[in-house]
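A.B. asks: Below: one structure in structure tokens.
Nothing in this text is a laboratory measurement; each read-out follows from the coordinates by a stated rule. Owing to the predicted nature of the structure, the values given are computational and were not obtained by experimental measurement. Neighbour counts run over all protein chains shown; Cβ positions are idealised from the backbone, glycine included.
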Amino acid sequence: MKKAVVLLYILLGVVTFSCGQKENQTAYKSPKGYNFREPEKHNMPEDLLEISGIAFNNFDTKTVYAIQDEEGRLFYGRITAPKFQKTKFGKHGDYEDIAICNDQVIVLKSNGKLYMFPLSGIHESEAADVHELADLLPMGEYESLFANASTKKVYVLCKNCADEKTTQSSTGYVFDMQTDGSLKPAGNFKIEVSQIHQFVDDKKIKFRPSAMAYNPRTKEWYIVSSVNKLLVVADDSFKVTAVYPLNPRTFRQPEGIAFDQKGTLFISNEGDEFSRGNILEFKYLSSQK
């Protein structure tokens, strides 16, 4: 009798454990067309432990361009390469995101300063013709930058700005890139936090975006918030249409996002004392319902 009872407890324990595993695996949903449970992980070189922004030139994934948030250096190479090449463009500082437009590299610093230099000059130890743009954005903290090469528009989204309440909205700024490479203000947009409330339980959430990119396959904006562990999806007009909580086991510290022309999604994660920085790759599954 005792053996039967022990066996019963063991079986119940196995069933409970199996159900718990299944629940953990399905607790986090994926955006339509993607499977966040099965990423292809690309570990980054040691000097990209604190990888922040990532970008491709014209959606071409042969070369990934990346920055990390301590050194004023641009890193570039094949996403599978054990070591990246690099060029210096600025002093030590808190650099958060990168974009490429019209053969110009644009780097966003957390204080809102932008650094621009020609892509053609990155093969030297120091980038040539670097321009610092200090007065385009209001005071605040910034981490999200995207450039649309086809429209020549550059987008910057504020993480925490003094002139707004982050419980209500996050303001974005749009610029037109001129033929001479300069940026001309072309309006702004907002991510309304009240729209995020429709998809999450926390009605007092302070939305703090850390990266943004435009999905050319679905014509949607994907906005990552590392602090909130959220992926926010918005339409062409920045109206929020979906919100996905991110599994911290997969997305340790998501700080960068990019797409290729087919809709393949890339999200970069900072590393820590136990693991390397990485870029997670998610194929677009057109047949997924």
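A.B. asks: May I ask for the angle, rounded to the nearest 10°, between helix 2-26 and the longest principal axis of the chain, with both axes built from Cα atoms and the value confined to 0 to 90°?
C.D. replies: Value to nearest ten degrees: 20.
A.B. asks: Students often forget the sequence filter, so: which lysines lie under 22 Å Cα-Cα from Lys184 once same-chain residues fewer than 8 apart are removed?
C.D. replies: Result set, ordered by chain and number: Lys109, Lys113, Lys152, Lys153, Lys159.
A.B. asks: With each label point set 7 Å from Cα along the Cα-Cβ vector, what nm distance links Asp236 and Ala128?
C.D. replies: Going by the 7 Å Cα→Cβ label model, 4.0 nm.
A.B. asks: Starting from the 7 Å offset along Cα-to-Cβ, what nm value, one decimal, do you get for the label separation of Ala186 and Asp272?
C.D. replies: That separation, rounded to one decimal, is 4.0 nm.
A.B. asks: List the relative contact order of region 190-273 as a percent without decimals, with contacts defined as Cα pairs under 8 Å and 6+ residues apart. Intermediate values should be presented prior to the final figure.
C.D. replies: Details: 160 pairs, mean separation 21.5, N = 84.
Relative contact order comes out at 26 percent.
A.B. asks: Continuing with this model, one more query. Any aspartates and glutamates with Cα under 17 Å of the Lys29 Cα? List them, leaving off those in the same chain fewer than 8 positions away.
C.D. replies: Lys29 reaches Glu38, Asp201, Glu281.
A.B. asks: Something else about it: Run the numbers for Gln178 and Leu285: contour at 0.36 nm per residue of separation, minus the present Cα-Cα distance, in nm. It would help to have the intermediate numbers written out before the result.
C.D. replies: Values: separation 107, 0.36 × 107 = 38.52 nm, distance 3.64 nm.
Between Gln178 and Leu285, full extension yields 34.9 nm more.
A.B. asks: Per the helix-only calculation at 222 nm, which mean residue ellipticity applies to the chain, given -39500 (n - 2.57) for every DSSP H run of n ≥ 4 and division by its residues, nearest 500 deg cm²/dmol?
C.D. replies: So the helix-based figure for the chain works out to -3500 deg cm²/dmol.
A.B. asks: The list (1) 64; (2) 59; (3) 47 gives values of percent of Cα pairs over 25 Å apart, and only one came from this structure; which label was calculated from it?
C.D. replies: (3)
A.B. asks: Using unit Cβ charges (K, R positive; D, E negative) and no other charged atoms, how large, in debye to the nearest 20, is the dipole of the chain about its Cα centre?
C.D. replies: 1480 debye
A.B. asks: Considering only Val64, Asn228, Cys101, whose Cα is most displaced toward the positive end of the charge dipole of the chain, charges sitting on Cβ of Lys, Arg (+1) and Asp, Glu (-1)?
C.D. replies: Selected residue: Asn228.
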